[in-house]
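To keep things clear, I will list the structure first and then write my remarks on it.
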Amino acid sequence: MGIIMREFKLKNGINVCVKTNKNTPRIAFSLNFSINKPEKISGEYLLMTRLLLKGTKKYSSEELSVILDENAIELYTEMKYDYLRFRFVALNEDFELALSVLTDIIKNSTFEEFEKERIKLKGELLAELDSAKVKVSDLFTKTVYKNHFYGSSYTTILEQIDSVKFEDIKNSYFEILNHSAKTLTVVGDIDSYDAENILNKYLFDIPAPISIESEVSVPQKINQERVELIKEDAEQAQIIQGWHVCSIDDKDYPSLMLLNIILGASGLSSRLFLELREKKGLAYTVRTSYETHAKSAVFSIYIGTEPSNIKTSIDGFNEEITKIKTIPVSDEELFNAKNNLIGKQQFITETNSQQANLMAYYSISGFPYSYQDEIIDRIKKVTSDDLIKCANKYFTDDYVVAIIKP
């Protein structure tokens with residue numbers, strides 16, 4: 001049989017799913033805490049997340065690094081807009097050691113390298129923004145999510161991060177720790193009952209999960225807007241055009257995933273690549289993306305092109321959008337797009353770590369741990385008519401265009 005999934009609650013009420021994958025050498029662990037309040041100052045949560053690995057009451061940051069390196073434990077803290085994730089991958093025999101270290105981080109982080117980490121973070125963000133591609137993404141994000149938590153871009157973080165105080169970091173963390181939904185996954189060659197005993201041993205006094213109403217608002221509706229920035233040393237123009245669309249909780253989610261594949265996320269075979277790069281020679285790079293959050297999502301088109309081709313490229317975007325809104329996708333193209341998307345869904349769950357992270361993400365988002373199976377079933381049922389309806393519903397004249405040019 002080899003694969004067994006079992007769900008249960010820890011003594012403190014945290015929902016857990018253990019998926020036993022026999023004959024795999026490393027166990028993956030993923031624990032998510034929901035984020036229910038927007039940060040007061042941009043960058044506060046990002047800095048907090050980085051500081052969680054900079055020492056505890058028991059270990060200095062150097063001692064933590066030595067333990068993790070010597071035992072080949074990959075341990076990370078990650079801040080997404082809707083949840084804080086703690087995850088690790090460890091050799092089967094080191095699962096308990098890794099869990100003990102992570103538990104110490106969750107319960108006893110000191111955040112002591114506050115000023116040092118703030119300076120380091122600012123330096124890294126400035127270096128990232130030297131890339132025109134990153135800069136246009138930054139400009140687009142803060143425009144499409146104007147005055148919203150999701151619009152906390154690199155430049156807004158750099159503008160505000162010096163206002164963050166040490167106490168802000170601690171208070172934000174303990175707010176998340178004490179007032180959040182929590183969900184946990186373990187994937188690997190481990191018996192679920194053994195895992196339950198070990199998890200209860202270390203996590204029993206983590207604050208119980210709380211079902212709490214999110215204070216993160218739905219982003220305001222966007223109107224058509226064009227924003228431009230000059231980057232003196234840029235060698236080409238960077239353009240992103242995007243729309244607010246529905247997120248993972250909506251019936252249109254599978255249709256939008258397929259539109260993403262057809263238009264620009266399937267590489268050489270995607271429409272935008274074939275039309276704008278191959279036929280018209282406009283693009284160095286052209287692609288689409290569909291980025292989802294709990295309260296909103298954005299569907300966007302990106303192109304890197306010669307500055308003289310800015311208008312022609314945007315016209316090309318709109319031409320392809322008009323086609324997808326008016327001309328039914330052929331049976332063959334739809335069949336290929338479904339196979340491509342289902343293949344991608346399977347590819348992103350090849351490793352124990354990928355499975356643990358995705359299952360925990362679905363659970364913290366309010367869905368079953370096995371939600372991927374349902375998504376794949378729904379993808380198979382999407383029709384050409386569904387795609388036309390979806391494209392007309394979301395690809396309206398209310399969009400943001402962000403441009404970086406020399």
**Message:** So in the stretch 334-364, with the set limited to residues that are at pLDDT below 95 and assigned to a loop (DSSP other than H, G, I, E, B), which one is farthest from Asp385 (Cα to Cα)?
**Reply:** Glu350
**Asked** Just wondering, is there one or more residues in the stretch 88-98 that are without any contact (Cβ under 8 Å) to a residue 60 or more places away in the chain and not acidic (Asp, Glu)?
**Response** yes
**Request:** Go through the stretch 128-192 and tell me which helices (runs of 4 or more DSSP H), entirely inside it, have 2 or more residues that are out of contact with any helix residue (DSSP H, G or I) (no Cβ under 9 Å at 6 or more places or on another chain) and at negative phi.
**Result:** 132-144, 166-178
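For the subset of the stretch 277-287 comprising residues that are in contact with a strand residue (DSSP E or B) (Cβ under 7 Å, 6 or more places away or on another chain) and outside any strand (DSSP E or B), which member is most open to solvent (accessible area, probe 1.4 Å)?
Among them, the one singled out is Arg277.
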**Asked** Hey, does the stretch 194-216 have a residue that's open to solvent by 100 Å² or more (accessible area, probe 1.4 Å), in a loop (DSSP other than H, G, I, E, B) and either among the aromatic types (Phe, Trp, Tyr) or in contact with a helix residue (DSSP H, G or I) (Cβ under 6 Å, 6 or more places away or on another chain) (or both)?
**Response** yes
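For (1) modelled with pLDDT of 95 or more; (2) open to solvent by less than 20 Å² (accessible area, probe 1.4 Å); (3) under 21 Å from the mean Cα position of the chain (by Cα), each residue gets a yes or a no:
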{"residue": "Ser100", "(1), (2), (3)": "yes, no, no"}
{"residue": "Ile105", "(1), (2), (3)": "yes, yes, no"}
{"residue": "Ser109", "(1), (2), (3)": "yes, yes, no"}
{"residue": "Glu112", "(1), (2), (3)": "no, no, no"}
{"residue": "Lys120", "(1), (2), (3)": "yes, no, no"}
{"residue": "Glu124", "(1), (2), (3)": "yes, no, yes"}
{"residue": "Leu139", "(1), (2), (3)": "yes, yes, yes"}
**Request:** Give the stretch 228-253 a look and list any residue that's within 17 Å of Thr312 (Cα to Cα) and either free of Cβ contacts under 8 Å to residues at least 40 places away in the same chain or among the aliphatic types (A, V, I, L, M) (or both), or say none.
**Result:** Ala237, Ile239, Ile240
**Request:** With the checklist (1) in contact (Cβ under 8 Å) with a residue 40 or more places away in the chain; (2) crowded, with 18+ Cβ neighbours inside 10 Å in hand, flag the one item Tyr154 doesn't pass.
**Result:** (1)
**Message:** Among the residues that make up the stretch 350-373, is at least one of them open to solvent by less than 50 Å² (accessible area, probe 1.4 Å), more than 23 Å from the chain's Cα centre (by Cα) and in contact (Cβ under 8 Å) with a residue 12 or more places away in the chain?
**Reply:** no
**Item:** the stretch 254-276, residues that are open to solvent by 20 Å² or more (accessible area, probe 1.4 Å), free of Cβ contacts under 8 Å to residues at least 40 places away in the same chain and either on the phi > 0 side of the Ramachandran plot or among the small types (Gly, Ala, Ser) (or both)
**Value:** Ala265, Gly267
**Request:** Could you grab me the full set of residues in the stretch 325-338 that are within 27 Å of the chain's Cα centre (by Cα) and open to solvent by less than 60 Å² (accessible area, probe 1.4 Å)?
**Result:** Leu334, Ala337, Lys338
**Request:** Note down all Cβ pairs under 7 Å where the first residue falls in the stretch 39-57 and is in contact (Cβ under 8 Å) with a residue 40 or more places away in the chain, the second is open to solvent by 30 Å² or more (accessible area, probe 1.4 Å) and among the small types (Gly, Ala, Ser), and they're at least six residues apart or on different chains.
**Result:** Ile41/Ser163
**Prompt:** Just one of Tyr76, Tyr81 is over 20 Å from Gln355 (Cβ atoms) and open to solvent by 20 Å² or more (accessible area, probe 1.4 Å); which is it?
**Reply:** Tyr81
**Request:** Take the residues in the stretch 218-249 that are of a type in the set (Lys, Arg) and farther than 13 Å from Tyr145 by Cβ, then tell me which one is least open to solvent (accessible area, probe 1.4 Å).
**Result:** Lys231
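The values are calculated or read from the model by the stated rules, or taken from the named source; none is laboratory data. This is a predicted model, so every value here is computed, not measured. Cβ atoms come from the backbone with ideal geometry, glycine included; neighbour counts cover every protein chain shown. Just the protein is used for accessible areas: all its heavy atoms, side chains included, with ligands, DNA and RNA removed. Shrake-Rupley method; radii C 1.70, N 1.55, O 1.52, S 1.80 Å.
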